[in-house]
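The values are calculated or read from the model by the stated rules, or taken from the named source; none is laboratory data. As the structure is a prediction and not an experimental result, all values here were calculated from the model. Neighbour counts are summed over all protein chains in view; Cβ atoms, including those assigned to glycine, are modelled from backbone coordinates with ideal geometry. Note: areas computed on protein heavy atoms with side chains; ligands, DNA, RNA excluded. Shrake-Rupley method; radii C 1.70, N 1.55, O 1.52, S 1.80 Å.
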Amino acid sequence: MTALQYIIDGIALGSVYALVAVGLALVFGVMRLVNFAHGELITAAAYTLYLTASWPKVFALAMSLLVAVALALLMELVVFRRLRYAPPATALIATFAVAFALEAVWLIAFGPQGKSADVLSSLNQTATHGKLHIRWVTITMVGVGAALLAGTGVLLNRTRIGLEMRAAAADFRAARLLGVRANRVIGTAFVLGGLFAGVVALLLTASQPLVTPTFGLQVTILALVGVVVGGMDRLVSATLGGFAIGFANSLLGDVLPSSQGVFLTSFLYLLVIVVLVLRPGGLFVPGGAAARVERV
Amino acid sequence: MRITRKALLEFGAPALLLVAVCVIGELVSVGTQQDFISALVNATIVIALWVFIGNSGVISFGHISFVALGAFAAGLMTIETIVKPNVMPNLFPFLQHHSIGNVPSLVLAAAIGGLVALVLGAPLMRLSGLSASIATFAVLGITNNVLTYWEKIGPGAQTLSLVPETTGPFQALVGALIALVIAFVYQHSRSGRLLRAAREDPHAARAIGVRIERHRLVAFAISGALAGLAGGLLVHQIGSITTNQVYLDLTFLTLAMLVIGGMSSLWGAVVGAVGVSLLDSFLEHAENGTGVIFFHLKIPSGASLLILGVLMAVALLFRPNGITGGREVSLSSLRLRVGPRRA
């Protein structure tokens, strides 16, 4: 039974990381930008939940999603749009700089101590079945994650904007020559990224309501590691990579003896290195190393 | 390598800048002196980064692990043996009963940084692009995790303190200049040239027989050793260190220094490091209130990071190739520039 428990916990955390991974991979797909500032969208949404704690829940949730989407668009408009043709390293460091500046904003506005955003804490109650203890938030994570991923799949495969986004991800310049509007696809990618970041903030605060200035950064870094391990060039492999790292993180936390528990990070990253060396093109990319492209 | 006027200028300009920072550091008050020492130590770290990143074009997120190893090794081995058992009772007996001097500790820091980089680089240098960046980041994560929790090799989550503060402006300058000389020689060596060729076009380079992995490994090991040296300088500057001081923030900040200066030239690395480092220190002072020539400046607490972040973003927006444009100093760049700029 405990094995089943571990697996369910792993799937829940994996779903959350998969949502972060999709946000990162969508933006990377259309503009080849590794967005470290993605985590600040999560943090922004989480702080919005704290600020709107007295509002009716529906409004508070809607507001936090809105803030994340607006901030995502603002980032794109003010900074990333101007760096579309800059060297990849420059764009990468610019996302650091944005993350750095926003983190300073959270620090000034909310202080280094955490603020509690327990809008959805009722989800923390446990449903017990036999020896199995499942928090409602676990079920919500899996459900919401699956629904949103399915929605993304439909959007990308069944709509015009989805087709345009896939075209832009395959070859941005050729897509533009065929009439795909750059600002439209990039804008959509950032809107979706912001939306997913907002949802991730809801799910994370439901299980752990304390919001600190680095709330989103930690999750984003690990998700990014997962995305690269899975294979960044494709949305599906990137999402699976995100899921895998969340799952592995949760599972390692459960199975490591408590004396070794503090070294969880080491075990996880060691696993990452081994996988990367064996499958540098991505764990979930068919053909593996053969199809890889060299890039900075 | 023939010593030409061009080579002399390319080496002389960053060297002069470092010397100037040291001289000003010797002249100002003791409180401000730390800012200039920090600039030199940061310059050493960024030069180390440049040896690998600048020449190979692969972004490494892992170099601060070599700084961390250097800092903890140099710090641990220079604390007096009398106090070690009290502050770190769980240490390996060998580490507990031996101590070394200042200069040997810096050599040790460099040796450890270089050796670890060589061993880790052997498998990692087969990777390129983002996979390589993330793999080096994983190294940083592991280093930080192990240093924080393994109390047999260090203070664990505690602060490593009571380290002799031997890094003054002069020692910092010597360290930075050693790094600069090694970086310059590597830049002009056969391996350095081949690696830059591979940076510009990996397929063409491979086609003419360049063994990219091997040259990347050489650059990685050299830059690991220089990063270790920088770590030794750092711990002897501040006299104490925690694992979080040599983790994510320092990684982001030093990478930003490199890119803002211009990551494809040694001159850019030094300019970026000195410039951003001094700006960072200045803003930190401004939070407590500082005099600027004629008037008093005080910014709200916490605002220094915000201003630094915004200024870094602005610098990148207007100079995507860095302040120096990624070029070395040359006579023509000192005169009026004619003709199209390199993208």
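For the stretch A:3-219, the convex hull drawn through the C-alpha positions has a volume of 131 cubic angstrom per residue.
Per-residue ellipticity at 222 nm, computed for chain A from helices alone with -39500 (n - 2.57) per DSSP H run of at least four residues, works out to -24000 deg cm²/dmol.
Computed on the stretch A:3-219, with alpha-carbon pairs under 8 angstrom and 6+ residues apart, the relative contact order is 43 percent. A viscosity of 1.567 mPa s and a temperature of 4 °C, combined with the Kirkwood radius over Cα pairs in Stokes-Einstein, give a translational diffusion coefficient for the stretch B:202-242 of 104 µm²/s. Toward the positive end of the charge dipole of the protein assembly as shown, with +1 on the Cβ of Lys and Arg and -1 on the Cβ of Asp and Glu, the farthest Cα among B:A122, B:N321, B:T32 is that of B:N321.
Here is the list for the stretch A:122-216: trypsin sites (Lys or Arg not before Pro) lying in DSSP coil, each with at most 15 other C-beta atoms within 10 angstrom of its C-beta, are A:K131, A:R181.
Note on exposure: B:K298, B:K152, B:K84, A:K115 ranked by accessible area (1.4 Å probe, complete protein assembly) read B:K298, B:K152, A:K115, B:K84, with the most exposed listed first. What number comes out for the charge environment of B:A13, summing +1 per Lys or Arg and -1 per Asp or Glu over other residues with Cβ under 13 Å away? Neighbourhood net charge equals +1. What the Cα atoms of chain B give is an Rg and a Dmax of 20.2, 67 Å.
In whole percents, the pair-distance distribution calculated for the stretch B:124-223 from its alpha-carbon pairs, binned every 10 Å from zero, is 13, 27, 29, 23, 8, 0.
Ordered by 1.4 Å accessible area with all protein chains kept, B:V87, A:V228 run largest first as B:V87, A:V228. For every other residue with a beta carbon closer than 14 angstrom to the beta carbon of B:A39, add +1 if it is Lys or Arg and -1 if Asp or Glu, then tell me the sum. So the surrounding residues net to -4.
Report summary: the helix-based calculation at 222 nm, which adds -39500 (n - 2.57) for every DSSP H run with n ≥ 4 and divides by the residues of chain B, gives -23000 deg cm²/dmol. Under the convention that each Lys and Arg Cβ holds +1 and each Asp and Glu Cβ holds -1, the size of the dipole of the stretch B:1-145 around its Cα centre is about 440 debye.
For the stretch B:222-269, a/c is not less than 1.5, where a ≥ b ≥ c are the root eigenvalues of the C-alpha gyration tensor, and a/b tops b/c. That puts it in the prolate class. Which log10 I(q)/I(0) values, to two decimals, does the protein assembly as shown give at q = 0.05, 0.07, 0.10 Å⁻¹ under the Debye formula with one point per Cα? Values, matching the q order: -0.23, -0.45, -0.95.
Charges were assigned to the Cβ only: +1 to each Lys and Arg, -1 to each Asp and Glu. The resulting dipole of the stretch A:3-219 about its Cα centre is roughly 640 debye. Result for chain B in a Gaussian network model with C-alpha springs under 10 Å: among B:Y149, B:Y247, B:Y186, the largest mean-square fluctuation is at B:Y149. Summed over both chains, the contact between B and A buries some 3800 Å² of accessible surface at a probe radius of 1.4 Å. By the combined test of axial Cα extent (at least 18 Å) and Kyte-Doolittle hydropathy (mean at least 0.5), the qualifying DSSP H helices of chain A come to A:2-31, A:38-51, A:57-78, A:88-110, A:136-158, A:182-207, A:215-230, A:235-255, A:264-278. Between A:V58 and A:N124, the modelled labels are 2.6 nm apart [label points 7 Å from Cα along Cα→Cβ]. Shown for chain B are the DSSP H helices of 27 Å or more along their axis, judged by Cα atoms, with a mean Kyte-Doolittle hydropathy of at least -0.5: B:5-27, B:30-56, B:102-124, B:129-149, B:169-188, B:212-238, B:266-288.
What residue among A:S207, A:G226, A:N183 has its Cα farthest toward the positive end of the dipole of the protein assembly as shown, where the charges are +1 on Lys, Arg and -1 on Asp, Glu, each on the Cβ? Of the options given, the answer is A:N183. Among A:G281, A:G246, A:G231, the largest mean-square fluctuation in a Gaussian network model of chain A (Cα springs under 10 Å) belongs to A:G281. Using a Gaussian network model of chain A in which every pair of alpha carbons under 10 angstrom is joined by a spring, one finds that among A:V211, A:V20, A:V58 the greatest mean-square fluctuation is at A:V58.
For the stretch A:267-285, the residues whose backbone nitrogen is under 20 Å from a point 7 Å from the Cα of B:A122, taken along Cα to Cβ, are A:270-280. Based on a Kirkwood Rh over C-alpha pairs, give the Stokes-Einstein translational diffusion coefficient of the stretch A:1-55 at 20 °C and viscosity 1.002 mPa s in µm²/s. Result for D is 159 µm²/s. Remark on A:S116: its backbone amide H falls under 5 Å from those of A:V211, a criterion applied only to residues 5 or more positions apart or on other chains, H modelled at 1.01 Å from N.
Multiplying the residue separation of B:N244 and B:V19 by 0.36 nm and removing their Cα-Cα distance gives an extension gain of 78.0 nm. How would you classify the stretch A:163-296 from its alpha-carbon gyration tensor, with a ≥ b ≥ c the square roots of the eigenvalues: rounded for a/c under 1.5, else prolate if a/b is greater than b/c, otherwise oblate? Taking the square roots of the gyration eigenvalues as a ≥ b ≥ c, the stretch A:163-296 is oblate. Ranking A:V255, B:H188, B:L91 by how far each Cα lies toward the positive end of the dipole of the protein assembly as shown (charges on Cβ) leaves B:H188 at the top. Taking other residues whose beta carbon is less than 15 angstrom from the beta carbon of A:I221, and scoring Lys, Arg as +1 and Asp, Glu as -1, yields -3.
Overall, the anisotropy analysis places the stretch A:138-222 in the prolate class: the square-rooted eigenvalues a ≥ b ≥ c of its C-alpha gyration tensor yield a/c not less than 1.5, with a/b exceeding b/c.
Which whole-angstrom value gives the distance between the alpha carbon centres of the stretch B:154-207 and the stretch A:131-199? Each part reduced to its Cα centre gives a spacing of 42 Å. Computed on chain B, with alpha-carbon pairs under 8 angstrom and 6+ residues apart, the relative contact order is 29 percent. Computed from point charges on the beta carbon alone (+1 for Lys and Arg, -1 for Asp and Glu), the dipole magnitude for the stretch B:5-243 about its Cα centre is near 940 Debye.
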